[in-house]
Amino acid sequence: MAEEQKEAKPKKRMTATQAAASIGPMVKEFITGTLKARAEGKQKLAYTFIVCHHEEIFRAMDVVPIWTENFAGICGAKRDAERFLQRAESLGLSRSLCTYALCGIGFDQWREELGQMPPDAPWGGQAKPDLMISSGQILCDPRSKWYQASQQFMPDVPIYNIDLPYPMFQRDQDHRDVWGYYHKYIVKQLRGLVAFLEEQTGKKMDYDRLRELVDLSDRTWNLIDETYKLRRAVPSPMGTGDAMNTMVPINFMMATQKAYDFFVDLKKELEEKIAKGEGEVQEEKYRLMWGGGLPAWFALTDFNYFNSKGASFPVETTYRMVAPLNEMDIPETKDPIEHLAWRWLGYWTFWFDKAKKRPGSEPDVERLINWIEEYKIDGIVMHEAFSCRTWHVGLIWQLHQLAKIYKPIPMLVIGKDGKKEKVYREIPSLILESDIIDITSYSEVDTRNKIDAFIATLESNRANKAA
Amino acid sequence: MTSYFAGIDVGSTMTKAVILNKGIIASIIGPTGPEQRRLANKVMEEVLNRAALSLKAITYIVSTGYGRINVPFADKQFTEITCHAKGIIRLFPKAKTIIDVGGQDIKAIKIDATGKTIDFVMNDKCAAGSGRFIEVIAGTLGVPLDKVGDLSLQSRNPAKISNICTIWAQQEVAASLAQGIPISDLLAGVHHSLADRICRMVNRLKVEEAVIVTGGGAKNRGLLKALSEQLGHEILVPEEPLITGALGAALLGKEIVEKAKQNSTPLKTKERILEEIKIL
């Protein structure tokens with residue numbers, strides 16, 4: 001077995017908002033909540049994944065979700081993932097697989113081997129589940145295979161897989177022509193989940209409660225959208241560094257009053273900051289978009305480094321897993337399960353119509369273009385995490401496509417003859433490379449060297465931008 | 001009174017320094033090494049000796065490269081990307097793309113007519129594609145590093161080296177050598193493999209001529225040939241491809257001084273004492 005040493009404690013990232021600063025204790029609370037629930041044994045606990053539109057079903061049935069990606073992320077942020085990754089490797093799993101999955105599998109194996117939590121497990125550790133709900137979500141194969149691997153150490157824990165497809169973007173086809181079929185299929189999948197949970201818990205689904213929770217989630221979705229749009233202000237009151245905290249209520253606490261209240265408070269805080277002219281960066285020189293990729297959880301202080309150079313991040317595509325419901329063209333229904341399925345389809349097809357109107361565009365690229373304009377973006381930063389194929393494969397392609405179809409920025413530069421001439425430049429972009437939790441993939445010196453060079457490019461554009 | 005400007009580029013493998021007034025009056029290239037990184041003052045001392053100048057005669061000093069923060073007497077630091085761009089546009093006014101094949105990384109930089117960076121990519125995660133790759137292979141084949149390029153040009157049938165990982169390629173080359181494949185063919189194969197690796201990264205940018213190659217890799221004619229073929233562009237190389245970063249640093253220093261004069265603003269400089277860095 002590989003040596004199981006803990007790494008040095010990371011530096012804490014400075015947050016711009018009080019709301020973001022309050023997230024750490026909140027996460028700790030729900031991790032310890034799962035441990036308490038395990039000890040009490042009154043509720044069933046389920047391993048599961050984010051962005052499946054199934055939280056309402058869990059909560060309506062009093063099943064406690066254990067977000068396994070979240071726990072792996074916590075291990076990464078605490079720089080304490082390596083010993084679990086090494087354990088998974090020693091089981092014969094390659095380091096090039098999803099490191100969230102490796103961390104979780106390594107942890108599960110260790111916990112089951114010991115019959116108790118591994119020593120000094122982050123925030124008390126990840127509780128053993130009663131059931132596991134996986135979901136492939138089209139591209140992410142670890143979301144199907146992870147729990148199958150973990151089941152080797154927990155053969156008594158059943159797995160239920162829900163399949164949640166959505167139509168692929170096709171320029172010559174209206175997705176509404178086919179989404180009815182998808183809807184029927186997803187509804188069947190979600191009803192299957194309900195039946196499985198009823199069987200496991202011995203309780204019947206309370207559909208009135210489910211309807212209330214779905215309504216609460218919908219209201220939270222719209223509130224998040226309104227709140228995040230406040231970040232369009234100059235200077236922007238909140239950046240992506242903070243959004244990597246505020247993703248917690250979006251992704252792990254949906255369908256709870258606490259998540260709704262959190263965004264009521266955050267919205268109020270942002271409005272107050274805007275009124276006072278307070279930004280994430282006081283002297284905001286450059287406005288950047290985090291244009292894709294999960295963050296390096298162990299290196300969130302890189303956002304502070306960007307800030308120290310006058311760069312703020314008013315918007316990010318990562319973890320903004322909501323879209324305004326009133327702008328979604330989805331059919332109305334009183335059946336909460338049917339609504340969940342429509343909301344799923346509405347979210348994933350949200351940019352389809354706009355993308356079709358722009359030659360050469362695609363939904364992901366269209367979102368970048370819209371947000372460049374809405375948030376007055378000067379440059380794009382992406383992160384290629386080597387172990388995540390699902391979300392990271394197309395990032396460079398998106399930048400290439402953006403460069404092809406989006407209007408270049410006019411610049412006035414001094415030519416060789418000493419006279420000013422107008423030239424056009426593409427929006428600058430930076431691709432950072434490391435991983436979500438594997439710290440061995442990361443070099444702070446190299447990363448910051450790249451950031452410095454990127455800032456120099458932004459400064460050159462800023463100084464030469466034509467009116 | 002003549003103004004002098006110094007640029008010092010502390011790279012991962014080599015440390016380079018340039019002293020400039022209207023043109024380069026002295027330059028030096030030496031291995032960085034574990035101690036050299038702490039002793040940027042020694043490199044500076046040597047280049048000053050070559051220029052027959054004292055440190056006090058230097059109006060402005062700019063440091064660059066990975067070890068730029070380890071130069072306590074530098075008045076300002078810039079990234080090597082900014083400095084390469086500035087140095088190259090001085091040498092090649094029509095330059096649009098720079099490929100720097102350094103000791104332990106490769107960079108590609110797109111620049112505008114004034115030497116400002118428009119876009120860049122860097123490979124810093126892996127030795128594949130860097131000068132280190134060639135050093136390792138040269139060691140395996142027992143060929144002096146400075147002979148590798150020319151020897152590879154004698155090849156009539158370049159070997160196929162499929163591995164881009166330095167360690168695996170080393171094993172592949174050793175195995176091919178055992179099979180009796182000529183060294184020139186192996187080296188040509190290695191250069192093609194290396195050029196392929198570099199092109200994969202460089203092609204993330206839109207490569208435009210003039211394309212300039214700098215760094216230690218620019219001294220290898222075999223690599224330049226393979227790179228030119230695979231990129232489909234003519235490649236130009238500075239007379240001394242290792243000092244372009246240091247040259248750019250010195251030029252940036254000159255610009256800072258000129259701007260301060262123009263705006264009648266005071267020039268902030270460090271005390272002119274040569275000493276090794278105290279905190280690493």
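Every read-out reported here was derived from the displayed coordinates using simple, explicitly stated rules and does not represent laboratory data. This is a predicted model, so every value here is computed, not measured. Backbone-built Cβ (ideal geometry, glycine too); neighbour counts: all protein chains shown.
Results, tabulated for the structure shown:
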read-out: Karplus-derived HN-Hα couplings along segment A:17-28 (A = 6.51, B = -1.76, C = 1.60, θ = phi - 60°), whole Hz, x at Gly and Pro; value: 10, 5, 4, 5, 5, 7, 6, x, x, 5, 5, 4
read-out: Averaged over B:67-78, number of beta-carbon atoms from partner chains that fall within 10 Å; value: 1
read-out: Gaussian network model of chain B, springs between alpha carbon atoms under 10 Å - residue of B:Lys107, B:Lys225, B:Lys160 with greatest fluctuation; value: B:Lys160
read-out: Backbone HN-Hα couplings from phi across segment B:246-257 [Karplus 6.51/-1.76/1.60, Hz, Gly and Pro as x]; value: 5, 4, x, 4, 5, 5, 5, x, 4, 4, 4, 5
read-out: Average other protein chain Cβ within 10 Å of Cβ, residues B:110-122; value: 6
read-out: Cα convex hull of segment B:96-236, projected area averaged across orientations, nm²; value: 7.7 nm²
read-out: Nearby aspartates and glutamates by direct alpha-carbon distance to B:Lys254 (threshold 13 angstrom, same-chain neighbours under 8 apart not counted); value: B:Asp75
read-out: Highest-fluctuation residue, B:Cys199, B:Cys165, B:Cys83 considered, GNM on chain B with Cα pairs under 10 Å; value: B:Cys165
read-out: Cα radius of gyration and Dmax for chain B (Å); value: 19.7, 70
read-out: Residue mean of other protein chain beta carbons inside 10 Å, B:81-89; value: 2
read-out: Share, in percent, of DSSP beta bridges within segment B:96-236 that are antiparallel, nearest 5; value: 65 percent
read-out: Unsatisfied cross-links (Cα-Cα over 22 Å) in the set A:Lys188/A:Lys334; A:Lys354/A:Lys422; A:Lys465/B:Lys22; value: A:Lys354/A:Lys422; A:Lys465/B:Lys22
read-out: Computed [θ] at 222 nm, deg cm²/dmol, the protein assembly as shown (DSSP H ≥ 4; -39,500 (n - 2.57); rounded to nearest 500); value: -14000 deg cm²/dmol
read-out: Under 18 Å from A:Lys44, Cα to Cα: lysines that are on another chain or at least 8 residues apart; value: A:Lys36, A:Lys128, A:Lys203, A:Lys204
read-out: Cross-link partners of A:Lys276 among aspartates and glutamates (Cα-Cα below 15 Å; sequence separation of 8 or more within a chain); value: A:Glu284
read-out: Out-of-range pairs (alpha-carbon distance over 30 Å; input A:Lys273/B:Lys268; A:Lys419/B:Lys110; B:Lys42/B:Lys86; A:Lys309/A:Lys407; A:Lys268/A:Lys356; B:Lys110/B:Lys219); value: A:Lys273/B:Lys268; A:Lys268/A:Lys356
read-out: Centroid-to-centroid separation of segment A:336-399 and segment A:38-61 [C-alpha atoms, Å]; value: 28 Å
read-out: Lys, Arg +1 and Asp, Glu -1 on Cβ, resulting dipole of segment A:106-222 about Cα centre, debye, nearest 20; value: 260 debye
read-out: Signed unit charges on C-beta, dipole axis of segment B:96-236, positive-most listed residue B:Gly215, B:Ser184, B:Phe120; value: B:Phe120
read-out: Under-5 Å amide H pairs with A:Lys420, H placed in peptide plane, nonlocal only; value: A:Gly415
read-out: Mean Cβ count within 10 Å, highest first, over the residues of peptides A:128-136, A:351-359, A:333-341, A:239-247; value: A:239-247, A:128-136, A:333-341, A:351-359
read-out: Residue order, fewest to most beta carbons within 10 Å, for A:Arg95, B:Arg272; value: B:Arg272, A:Arg95
read-out: Footprinting exposure proxy for A:Cys98, A:Cys75 (fewest neighbouring C-beta atoms within 10 Å first); value: A:Cys98, A:Cys75
read-out: For chain A: relative contact order, % (alpha-carbon pairs under 8 angstrom, 6 or more apart); value: 17 percent
read-out: Least to most buried among B:Ile99, A:Ile31 (fewest other Cβ within 10 Å first); value: A:Ile31, B:Ile99
